[in-house]
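Have a look at the structure below, then the notes.
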Amino acid sequence: MAQAAAKHGENHAHGHDHGHHDPQEMKILGFWFFLISDVILFSVLFATFIVLRDNSAGGPILSELIKMPGVIAETFILLTSSFTSGLAVLAMNQGKVKQLINWLIVTAVLGASFIALEVYEFVEMVHEGFSYTTSAASGAFFTLVGTHGLHVSLGLIWMIGLMFQLKKRGITDVTRGKINVISLYWHFLDVVWIFLLSIVYLMGVM
Amino acid sequence: MLERLKEFASEFFVTGDPLIYGADVAIGITMITIVTVLTYFKKWGWLWRNWLTTVDHKKIGIMYIIASIIMLFRGGVDALMMRLQLAMPNMDFLHPEHYNQVFTTHGTIMILFMAMPFMFGLFNVIVPLQIGARDVAFPFLNALSFWLFFLGAMLFNLSFVIGGSPDAGWLSYPPLSELSHSPGVGQNFYIWGIQISGIGSLATGINFLVTIIKMRAPGMRWMKMPMFTWSVFSTCIIILFAFPILTVTLALLFLDRFAGAHFFTLDLGGNPMMYINLIWMWGHPEVYIVVLPAFGVFSEIVSTFSRKKLFGYKSMVFAMLIISFLSFFTWAHHFFTMGSGADVNAFFAVTTMLIAIPTGVKIFNWLFTMYRGRIRMATPMMWTLAFIPCFIVGGMTGVLLSVAPADFQFHNSYFLIAHFHQVLIGGVVFGYFAGLYYWWPKMFGFQLEEKLGKWAFWTWNIGFYVCFMPQYAVGLMGMTRRLSTYGWDTGWWELNFVSTIGAFLMGVGFLFQVAQIADGIRKYKTLKASGDPWDGRTLEWSIPSPAPEYNFAVTPRGDDIDEWWEEKERRAKGIYPPEQPLEPIHMPKNSSIPFIMSVFWFVAGFGFVFGWLWMAILGLAGVGICMIARSFSYDTDYYIPVDEIKRTEASLRGSV
Ligand code: HEM
Ligand SMILES: [Cu+2]
């Protein structure tokens, strides 16, 4: 912090300070705090899932419904999309708008396929009698995994919105900040998925 | 058709209770008056431009405080109704169901819609000024937080006249709060009212964390930060970690009720105890969220009115940070009696008692600050002094309660009620009153006359002890909480009667405060306050009262803990800071999106409350459109030219 203060003093000496505190840097910090709150949110959902996962009340049991090939495909797709979102940021840093938008499109398509696969999986489970209201365990499962899915879907809408802004305005300080934030968000969703994979799916089938 | 309409109306509106008809009429008259007055004086445009769309942190702070005082009134009326019901045995003023609703709304409103916004109001008005900043980190988000809080609170309050109030207690334990036990819409109002305002609270927490980390004046290192700002910082850390827990807990409860899930139900594998754990993981830190800023206020006041540096600055900072950490490890003391086992109980009993240590440190620091100080007895200082004994007693009864075996005895008795009111009123309410009196001139530019304020002070304080001391006794005699009536044979009536008198005395104290403020507004022209009416120590006193919209014409420095005090000393010695040139100031533009988006949240919440999916979807769609509109708007700021700053400064400084 002393460093930041020193930097600030420097600005001041140069007479460039209009009460600006590098808005982009503040946005990123704010976003990190938001991510912390999201971590807590997911932790609570994980905790409820762990407490309730065996309370299937005589209904179908989650571990017998999990189809690993689908889950592995989802994992692969999401990890790849995280990688392509990284490529998008790289393109941005080189100032290549076109490439940036293209990588974002690839990322969004991968994200959408992830969601599609997940929905398909959910529908299958419901067909086998494991629906939201069946038991505490089913509700906890769908809520936890569904919340992650909802995050991904909102991220998709957001990303599409940003593509339009990039088209219109190109790479500016503001759009750059927005892309940095969404890529952070996207990586975060990836990390959450890794936890889902291990706690819900892998530990579920083992 | 008419029949069906009638049937709908009788379910939609709460009917059959004269008290509620009275409220209907009162609300109707108030609404009509407001609309008429605004139209008559052609003030709609003014209201919209200056308040509803503002992103100025000082105005947002004022709106928070006004809303909070209105909620204090509402919660206070609830309290007086309960005390009336309990004044004599076998009273028939509130029926049991109605009594349940009243204590539920009282508790919820007091903590979430009175204490929280009062606190956020003080954050908003003071923190940027204390750290020498022009604004908060995210002004738009700040406005959004306020409107989310406000419309969430309105949604909750609506339950009184539309649909019916929640009645499962302020923490809504299942199974009472489940569909099986509360089939009406009251619980839904509780969930959505709190959920919407809770999102706002979380955003405020994040906003102030970034503000404090990134926007301090040059030279203001961490250990030079004013104490109130430190208290806000530690509070925001707790908010960041605690509020998401509340969000999820309420969401799960709603999924149980609305989507047929089984998180906390008694059937199909649900686990009500999990709710109780979760809600207290938020609930106990919440108590420290509301009390820490009050500690910050006291620190500022004690040092200003003793004209001394705060004693033990560093230990004060560490005490706050330790409290915010420990507050997360005490939650189970709220259910010692629910069979978690001796080891678990012992752990939580110890952590709870540990919190007394940093708290004690703070109290000693305040006392040492006063020791040999030149103390002035203005109202902010009086409230601070009244707080100290009150909090010591409250803290000691709290330690008694934290002894797990003893809690088996006191659990859910009036002893507990007396304890937590002592801490909440003595700590939180007294603290925020002190803060309001202290910063009033800075907020409004005029000073309140102290005479009525002293009347208010004494009636509140005497009323407080008359009200709550008897409750300790009656609790030990076996009276349990949430009891709507009792018989003559219990031997409790005298104490209850006295307690009710005390409650009404506090009501009178509140009226004195209202009178004091009304009187001040009437005479505000003659009561003009200077920039530094209390001979203050921190940066907010270095600028005119009220602060201009850009706060500081030139960015100040913050090299000392009591920077403004040191500055005054230097000036007395003839050392003046170098003249700095003015520069155009960068400001955020007003925006109507926060208000409109919150209205859509309200619509969505209302839809969910009544299970009208179309309406909920409509509301959420509106929310989404507002977000997109914001994301696509790039024209969000402007510059105040130097000339205008010069003119503003001249007129503000000229008059002091
Ligand atoms: C101003 C004077 C006040 C009076 C006379 C008063 C009185 C009461 C009464 C009679 C009850 C119900 C006790 C029962 O039957 O269980 C109650 C409960 C409660 N009060 Fe107050 N109160 C006051 C202020 C406050 C304040 C300032 C707060 C918080 C900041 C607060 C928070 C609560 C809570 C959380 C409950 C528990 C509600 C529940 O059981 O669900 N009260 N109060
Ligand atoms: Cu507690």
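The numbers here are math on the coordinates, done by the rules we state, and not lab data. Just so you know, these numbers come straight off a predicted model, no measurement behind them. For neighbour counting, all protein chains shown are included, and Cβ atoms are generated from backbone atoms with ideal geometry for every residue, glycine included.
Scalar couplings 3J(HN,Hα) for the range B:25-42, obtained by applying the Karplus form with A = 6.51, B = -1.76, C = 1.60 to θ = phi - 60°, are 4, 4, 4, x, 4, 4, 4, 4, 4, 4, 4, 4, 4, 4, 5, 4, 8, 6 Hz; x denotes Gly and Pro.
How many partner chain Cβ atoms sit within 10 Å of a residue's Cβ in peptide B:200-211, on average, as a whole number?
On the way: counts 0, 0, 5, 4, 0, 2, 8, 3, 0, 5, 10, 3.
Across the residues of B:200-211, the mean count of other-chain Cβ atoms within 10 Å is 3.
Backbone amide hydrogens, once placed in the peptide plane, bring B:Tyr638 within less than 5 Å of B:Met587, B:Lys589, excluding anything fewer than 5 places away on its chain.
Among B:Met338, B:Met381, what is the fewest-to-most ranking by other Cβ atoms within 10 Å? Please report the intermediate quantities before stating the final value.
On the way: B:Met338 12, B:Met381 22.
Arranged by neighbour count, lowest to highest, B:Met338, B:Met381 become B:Met338, B:Met381.
Within straight-line reach of A:Lys168, meaning a Cα separation under 23 Å, sit the following lysines at least 8 residues removed in sequence or on another chain: A:Lys27, A:Lys96, A:Lys98, A:Lys178, B:Lys589.
Quick check: the distance between the Cα centres of the range B:298-352 and the range B:16-49, to the nearest angstrom? When both Cα centres are located, 43 Å separates them. Here's the picture: charge each Lys and Arg Cβ at +1 and each Asp and Glu Cβ at -1 in the range B:292-417, and of B:Met353, B:Ser340, B:Thr369 the one pushed furthest to the positive end of that dipole is B:Thr369. Hull surface divided by four, with the convex hull built on the Cα atoms of the range B:483-630: how many nm²? So the mean shadow area of the Cα hull is 19.3 nm². Histogrammed with a bin width of 10 Å, the alpha carbon distances of the range B:126-197 distribute as 20, 35, 20, 16, 9, 1 percent, first bin at zero.
Starting with the fewest neighbours, write out B:Met477, B:Met274 ranked by other beta-carbon atoms found within 10 Å of each beta-carbon.
On the way: B:Met477 14, B:Met274 19.
Fewest-to-most ranking of B:Met477, B:Met274: B:Met477, B:Met274.
With Cα atoms defining each centre, the range A:122-158 and the range A:30-53 are spaced 16 Å apart in the structure. Sorting the Cα pairs of the range B:548-606 by distance into bins of 5 Å, from 0 upward, gives 4, 12, 13, 14, 11, 9, 7, 8, 8, 7, 4, 2, 1 percent per bin.
With contacts defined as alpha carbon pairs under 8 Å and 6 or more residues apart, what's the relative contact order of chain A in percent? Before the final figure, lay out the partial values.
Working: 172 pairs, mean separation 63.7, N = 206.
Worked out over chain A, it gives 31 percent.
Measuring nothing but how far apart in sequence close Cα pairs (under 8 Å, 6+ apart) lie, relative to its length, the range B:67-139 scores a relative contact order of 40 percent. When B:Trp488, B:Trp48, B:Trp147 are arranged by Cβ crowding within 10 Å, least crowded first, meaning fewest neighbours, the order is B:Trp488, B:Trp48, B:Trp147.
Placing R0 at 51 angstrom, the Cβ-Cβ distance between A:Leu29 and B:Thr15 gives a FRET efficiency of 0.45 after rounding to 0.05.
Of all the C-alpha pairs in chain B, what % are more than 46 Å from each other? So the pairs more than 46 Å apart make up 17 percent of the total in chain B. Amide hydrogen proximity for B:Phe264: with H placed 1.01 Å from N in the peptide plane, the residues at 5 or more positions away or on another chain lying under 5 Å are B:Asn271. Only aspartates and glutamates eight or more places from B:Lys362 in sequence, or on another chain, were considered; those with a Cα closer than 20 Å are B:Glu286, B:Glu300, B:Asp562. Taking chain A as a Gaussian network of alpha-carbon nodes connected by springs under 10 Å, the highest mean-square fluctuation of the residues A:His151, A:His187, A:His127 belongs to A:His127.
Got the relative contact order for chain B handy, in percent, Cα pairs under 8 Å and 6 or more residues apart? Please list the in-between numbers first.
Values: 1018 pairs, mean separation 109.9, N = 656.
It rounds to 17 percent for chain B.
According to the calculation over all Cα-Cα pairs in the range B:156-214, the P(r) per 5 Å bin from zero is 4, 18, 21, 17, 12, 8, 8, 6, 4, 1 %. The protein assembly as shown: D in µm²/s via Stokes-Einstein (Kirkwood Rh, Cα pairs, 10 °C, 1.306 mPa s)? Rounded, D is 55 µm²/s.
May I ask you to compute the full-extension gain from B:Arg653 to B:Thr480, defined as 0.36 nm times their residue separation minus their alpha-carbon distance, rounded to one decimal in nm?
Numbers: separation 173, 0.36 × 173 = 62.28 nm, distance 5.84 nm.
Answer, rounded to one decimal: 56.4 nm.
What FRET efficiency would be calculated for the residue pair B:Phe73, B:Glu579, taking the C-beta separation as r and a Förster radius of 51 Å, to the nearest 0.05?
Details: r = 49 Å, r/R0 = 0.95.
The calculated FRET efficiency here is 0.55.
Amide H contacts of B:Ser413: B:Arg481, each under 5 Å away and 5 or more positions distant or on a separate chain (H built 1.01 Å from N in the peptide plane; Pro and chain starts excluded).
Sequentially through the range B:621-636, phi angles give Karplus couplings (6.51, -1.76, 1.60; θ = phi - 60°) of 4, x, 4, x, 4, 4, 5, 5, 4, 5, 4, 8, 8, 10, 8, 10 Hz, Gly and Pro residues having no value and appearing as x. Taking each of B:Lys442/B:Lys525; B:Lys42/B:Lys523; B:Lys224/B:Lys314; B:Lys224/B:Lys309 in turn, the alpha-carbon distance tops 18 angstrom for B:Lys42/B:Lys523.
With a Förster radius of 45 Å, plug the Cβ-Cβ distance of B:Phe368 and B:Ala26 into 1/(1 + (r/R0)^6) and report the FRET value to the nearest 0.05.
Working: r = 49 Å, r/R0 = 1.10.
FRET efficiency, B:Phe368 to B:Ala26: 0.35.
Rg/Rh for the range B:219-328 (Cα atoms only, Rh after Kirkwood) is 1.20. Relative to the longest principal axis of the Cα atoms of chain A, the long axis of helix A:68-93 lies at roughly 0 degrees. Working note: 222 nm ellipticity from helices only, DSSP H runs with n ≥ 4, each -39,500 (n - 2.57), summed and divided by the residues of the protein assembly as shown, gives -23500 deg cm²/dmol to the nearest 500. Considering only B:Leu582, B:Val466, B:Leu5, the residue lying farthest towards the positive end of the dipole of the protein assembly as shown is B:Leu582, judged by Cα position with unit charges set on Cβ.
Along the range B:346-357 the Karplus relation, 6.51 cos²θ - 1.76 cosθ + 1.60 evaluated at θ = phi - 60°, assigns HN-Hα couplings of 5, 4, 6, 5, 5, 4, 5, 5, 4, 4, 4, 5 Hz to successive residues, with x for each Gly and Pro.
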